[in-house]
Amino acid sequence: MEKLEEKTTVLSIADEIIKKLWRKNRNFCSTDYDDSLDYLGSILPFKIHGYTQPYNHWQIPPKWDLVHASISFKGNSIFQVDHPLKIIGLSKSFKGTVTKEELQKHLHFDHRYPDAVPYHFRQFYRPWDRDWGFCVTKNFYDTLQEGDYDIAIETQESSGQLKVAEYIIKGKNPECFVFVAHLDHPGMANDDLAGVAVAVEFFERLSKIETKFTYKLILVPEIIGSEFYLGLTDTQKSHTLGGCFLEMLGSQTPLALQWSLNQNSIIELHLKETLKEHSIPFSEGAFKTIICNDEAVWESHQIPMCSLSRFPYPEYHSSRDNPEIISQRSLDESIQILNNVVLSMEKLSLFEKKFHGTPCTSHPELNLYVDPGQRAFGSMKNSNIQKHRLLMDLLPTKSRYFTVDELINETGLNKKEVLGQLEPWTQSGLLRII
């Protein structure tokens with residue numbers, strides 16, 4: 001596989017994406033979400049999958065667009081929704097006069113920063129239980145006086161269509177590695193628009209290269225999009241070797257590698273190796289110990305999913321998450337890491353099992369049995385033969401796909417010895433080398 005070409009433009013694709021889309025009201029089902037998909041589609045020819053019916057008890061919210069929202073006091077407008085975070089997600093329309101005490105029940109502020117607006121998202125996942133409301137700064141909340149307030153919230157709603165974007169680079173083999181990012185979270189730049197931006201630029205560059213493996217990029221509304229895609233659309237799950245969720249990769253905070261559930265997927269092992277090889281500082285943690293969103297959904301469909309992020313970062317889920325905290329160096333570094341990981345994975349000696357259970361290796365048609373001798377008869381052979389016997393015993397227990405490195409680590413044999421023993425298994429049709 002060739003090396004990915006270096007960028008020649010000063011302003012990267014990833015940086016352009018963030019600057020273009022960060023202020024859009026990218027809710028699950030909304031005009032701005034659709035417009036964002038259209039813009040990304042001008043960079044990569046995504047296939048869009050749309051869902052309109054409930055699945056697995058997940059209900060698709062209505063298409064929801066904000067027309068206008070404000071708060072007035074004594075005839076003067078004191079609060080205008082001029083930022084996507086200033087209205088709670090999927091707020092109901094409302095027009096009326098309320099007391100200060102009633103208004104406060106519908107206001108939400110960030111308890112970390114007095115001048116920041118928080119992200120209120122719960123209603124997207126509970127569209128059957130909705131209210132109206134605003135997100136404000138603590139400073140604004142503290143200035144409210146006793147009296148009546150005029151509230152005006154106007155929204156447009158229609159039947160919702162949940163959309164997932166899919167882009168596939170078909171390699172010489174159908175065996176696939178998947179990268180996932182979520183496109184929702186309106187009015188924020190790092191979470192997770194930076195993950196989307198990094199992924200799109202990386203795949204735009206990767207698309208120019210012939211690959212041995214197939215690579216898939218999936219952009220989703222967080223959690224619910226992955227569940228609909230995996231449950232209703234992805235018919236090639238059995239060929240997916242593993243995935244990586246790309247999250248919040250634009251901030252200047254250190255990288256964090258969160259392991260998949262079983263901590264042994266090909267992607268995460270190569271990610272860790274790449275980070276160490278290039279002396280890139282990073283933290284690491286077990287599954288769901290750093291952050292976990294769609295990773296859990298993919299794991300529930302038996303696809304190992306690690307994550308690469310720059311979490312935690314101070315501005316998380318607030319209006320402070322804007323392009324000012326985005327570092328071009330962080331974006332470039334993230335893309336180059338993915339480049340190096342793919343370059344490394346493309347060199348894999350990967351095998352696919354073409355048998356089930358435990359074949360009789362001593363049968364003349366196979367002649368694959370490794371005889372270690374018998375202890376009772378004093379015919380035990382040397383330790384290296386014992387390692388070869390261990391390899392023979394391990395093969396039936398391996399998952400459908402396995403690497404030579406796994407067998408090296410588990411047996412203590414070197415690469416030449418492992419490949420030499422696997423060759424007759426391949427010739428017999430029990431294994432396929434990829």
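See the values below:
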{"quantity": "Charge sum, other residues only, whose C-beta stays under 9 Å from residue 249's C-beta, Lys/Arg counted +1 and Asp/Glu -1", "calculated": "-2"}
{"quantity": "Expected 222 nm ellipticity per residue - DSSP helices of 4 or more, -39500 (n - 2.57), all of the chain, to 500", "calculated": "-8500 deg cm²/dmol"}
{"quantity": "Whichever aspartates and glutamates have a C-alpha closer than 20 Å to that of residue 170, once near sequence neighbours (fewer than 8 apart) are set aside", "calculated": "2, 5, 201, 204, 210, 234, 346, 352"}
{"quantity": "Global form of the range 222-345, assessed from the alpha-carbon gyration tensor, a/c cut-off 1.5", "calculated": "oblate"}
{"quantity": "Summed side-chain charge close to residue 432 - residues other than residue 432 whose Cβ falls under 12 Å, Lys, Arg +1, Asp, Glu -1", "calculated": "+1"}
{"quantity": "Probe 1.4 Å, accessible area per residue of the chain, Å²", "calculated": "45"}
{"quantity": "Of all accessible heavy-atom area on the chain, the percent that carbon and sulfur account for (1.4 Å)", "calculated": "48"}
{"quantity": "Extension gain from residue 43 to residue 302, taking 0.36 nm per residue of separation minus the Cα-Cα distance", "calculated": "90.1 nm"}
{"quantity": "Relative packing of 156-169, 117-130, which averages over residues the other C-beta atoms within 10 Å, highest first", "calculated": "156-169, 117-130"}
{"quantity": "Label assignment, semi-axes √(5λ) of the Cα gyration tensor in Å derived from the structure, set [x] 37, 29, 20; [y] 51, 21, 20; [z] 42, 29, 18", "calculated": "[y]"}
{"quantity": "Hits among lysines - C-alpha to C-alpha of residue 100 under 21 Å, sequence gap 8 or more where chains match", "calculated": "74, 86, 92, 138"}
{"quantity": "Environment charge at residue 146 (Cβ cut-off 10 Å; Lys +1, Arg +1, Asp -1, Glu -1)", "calculated": "-1"}
{"quantity": "Whichever lysines have a C-alpha closer than 29 Å to that of residue 416, once near sequence neighbours (fewer than 8 apart) are set aside", "calculated": "3, 172, 212, 272, 276, 347, 353, 354, 381, 387, 398"}
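The values are calculated or read from the model by the stated rules, or taken from the named source; none is laboratory data. Quantities reported herein were computed from a predicted structural model and do not represent experimental measurements. Using ideal geometry, Cβ is built from the backbone for each residue, glycine included, and neighbour counts are taken over all protein chains shown. Note: accessible area is taken over every heavy atom of the protein model, side chains too, but ligands, DNA and RNA are not part of it. Shrake-Rupley method; radii C 1.70, N 1.55, O 1.52, S 1.80 Å.
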